[in-house]
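All remarks here apply to the structure that follows.
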Amino acid sequence: MWKVTNEINKPILSRYADIINSMFMLFIELSKSGTKDADLEIENFLESKFTEDANLDSRLLNINKSGSDRIKPLIKDIIKLDTNILEAQFDIYINQNNEVIKNNYNILPEVHPNCLVKIFKDYFYDKFFGVSWIWTDLVGKVYTRGMFKTNFKDENKIYVCPYCDSDTISNERNAWIEHFLPKSKFPFLSCNYSNLIPTCTSCNVSGSGKGEDIKNPIVNQYTTQIGDHLKFEFDKGEITIIKNSNDSIENFIELLKLRKRYSEKGVNNSILTVLKVNYNTLLGAKDIGEFDEDVFFDFIHDTGRINGYYFVQKNLFEYINEI
């Protein structure tokens, strides 16, 4: 619901994207050789090619080199693909990332060769993030998933889930790096800073949140403060979200299952308790003298960025006497 930015992480992940671009372009270059099958069997052939590229390092070929899950055979499978296929896939990669950087999330999934899906999901995102030398030696900065989340929270001064505003992400164990466009359907966007956002556990999984689903048209936190466009209603002790006339906002509500979240009795009770406490706190404050609506809204805004429920409290103020 909260509009956010990701400027601190942007240059770090943009530099990391240069590494991914270089690998992809190297794959295309090597795929053009009429002797590629034989070349790939030459000892240290790939190592020499990776060493020649300033953005790459031959150590990348040794990550998880033992066991059944190895990167080097995977790279060979990619290079053995037809060059036209690889070039078309690279165009998709560039176009999708450019669109998301422009905050356009209304794009459709494409079909990708399994080996490309695997290297983006299992290596570029899952494994490479945990290899410290990739960041220090190639990106030029110490970096981890934890630092991504810390940078995000510090930049936005927000410690509540940007999706639902009903759970915090202050606890590291409850802060997931979520892919707005899921990496299962959009593997090429798995490391794009405009597609990554820390969220609470509930919003990240399919049963209570968005999971791997997508909807079009849609907006998200990098374009819109969605909470400002929501209308909450209080009737007979229950809180509901009124259907939104804007399809992009309505699809966000449905995608994140926000109506279900805010209809839960426990959430309702928590919201009403917080609202009453905040209202009575300001009502009885000696330095105010009498209730000041502007002060109240400023107060729930500032505390809401830490504890949540700002947008619903703002909406329910008209029902305060009934509550």
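Out of all the residues in the stretch 217-274, which are touching a His at 6+ places or on another chain (Cβ under 7 Å) and of a type in the set (Val, Ile, Thr)? Before you say what the answer is, go through the steps one by one.
Restricting attention to the stretch 217-274, the residues satisfying the condition of being touching a His at 6+ places or on another chain (Cβ under 7 Å) are 244, 246, 249.
Result: Ile249, single match.
Here is a list: Ser184, Ser206, Ser194, Ser166. Which entry is surrounded by 22 or more Cβ atoms within 10 Å (Cβ to Cβ), within 16 Å of the chain's Cα centre (by Cα) and among the hydroxyl-bearing types (Ser, Thr, Tyr)? Write out each step before concluding.
Details: Ser184 fails: surrounded by 22 or more Cβ atoms within 10 Å (Cβ to Cβ); Ser206 fails: surrounded by 22 or more Cβ atoms within 10 Å (Cβ to Cβ); Ser166 fails: within 16 Å of the chain's Cα centre (by Cα).
Among Ser184, Ser206, Ser194, Ser166, only Ser194 is surrounded by 22 or more Cβ atoms within 10 Å (Cβ to Cβ), within 16 Å of the chain's Cα centre (by Cα) and among the hydroxyl-bearing types (Ser, Thr, Tyr).
Looking for something in the same structural domain as Arg145 (by TED's automatic domain parsing), surrounded by fewer than 17 Cβ atoms within 10 Å (Cβ to Cβ), under 23 Å from Tyr193 (Cβ atoms) and polar (S, T, N, Q) - is there at least one such residue anywhere in the stretch 22-40?
Looking through the stretch 22-40, at least one residue is in the same structural domain as Arg145 (by TED's automatic domain parsing), surrounded by fewer than 17 Cβ atoms within 10 Å (Cβ to Cβ), under 23 Å from Tyr193 (Cβ atoms) and polar (S, T, N, Q).
Looking at (1) surrounded by 14 or more Cβ atoms within 10 Å (Cβ to Cβ); (2) modelled with pLDDT of 95 or more; (3) of a type outside the set (A, V, I, L, M), find the lone condition where Thr223 falls short.
(2)
Among the residues of the stretch 25-59, what is the count of those that are part of a loop (DSSP other than H, G, I, E, B), in contact with a helix residue (DSSP H, G or I) (Cβ under 7 Å, 6 or more places away or on another chain) and under 20 Å from Thr83 (Cβ atoms)?
Final tally of qualifying residues: 5.
Tally time: how many residues in the stretch 298-323 are farther than 20 Å from Thr168 by Cα and modelled with pLDDT under 95?
7
Would you check if Cys164 is in contact (Cβ under 8 Å) with a residue 12 or more places away in the chain, in a loop (DSSP other than H, G, I, E, B) and under 19 Å from Lys314 (Cα atoms)? So that I can check it myself, show each step before the final result.
Details: in contact (Cβ under 8 Å) with a residue 12 or more places away in the chain: yes; in a loop (DSSP other than H, G, I, E, B): yes; under 19 Å from Lys314 (Cα atoms): yes.
Taking the combined requirement at face value, the residue satisfies it.
The values are calculated or read from the model by the stated rules, or taken from the named source; none is laboratory data. Given the structure is predicted, the values throughout are model-derived calculations rather than measurements. Here Cβ is always computed from backbone atoms with ideal geometry, including for glycine, and neighbour counts include all displayed protein chains.
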